[in-house]
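Here is the structure we will look at, set down as structure tokens.
The values are calculated or read from the model by the stated rules, or taken from the named source; none is laboratory data. Just so it is clear, the structure is predicted and the values come from calculations on it, not from any experiment. All Cβ positions, glycine included, derive from the backbone under ideal geometry; neighbour counts span all protein chains shown. Ligands, DNA and RNA are stripped out before the accessible areas are found, and what is left, the full protein with its side chains, is counted by its heavy atoms. Shrake-Rupley method; radii C 1.70, N 1.55, O 1.52, S 1.80 Å.
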Amino acid sequence: MNAMGLSPQSVELVNNMERKLLDDRAKLDTLREHYGPTHPDVQELFRGINNAEQHIAAYQNSLNAQMNQ
């Protein structure tokens, strides 16, 4: 990974983010069942999930671009 300009720390960070994303999605399902989709806690968690998904997608796009060079 270092040959592609990726540090072990950045890979670990993304892996941790993906694990948290899985946990947050499960939590979101539970919160939606109890509170409904418009509850502030549900909305906050939904925004956090979207932000994490965007960050992971940007990282993957960056990785793909580096591999295609």
Checklist line | Condition met for residue 6 (at pLDDT below 95, in contact with a Leu (Cβ under 9 Å, 6 or more places away or on another chain) and open to solvent by less than 80 Å² (accessible area, probe 1.4 Å)) | finding: yes
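I need a count of the residues in segment 9-53 that are among the acidic types (Asp, Glu), more than 26 Å from residue 68 (Cβ to Cβ) and open to solvent by less than 90 Å² (accessible area, probe 1.4 Å).
3
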Checklist line | Hits in segment 30-45 (condition: of a type outside the set (Ser, Thr, Tyr) and not in a helix (DSSP H, G or I)) | finding: 36, 37, 39
Margin query: Here are the criteria: (1) at pLDDT 95 or above; (2) in contact with an Asp or Glu (Cβ under 8 Å, 6 or more places away or on another chain); (3) open to solvent by less than 100 Å² (accessible area, probe 1.4 Å). Tell me which single one residue 56 does not satisfy.
Written below: (1)
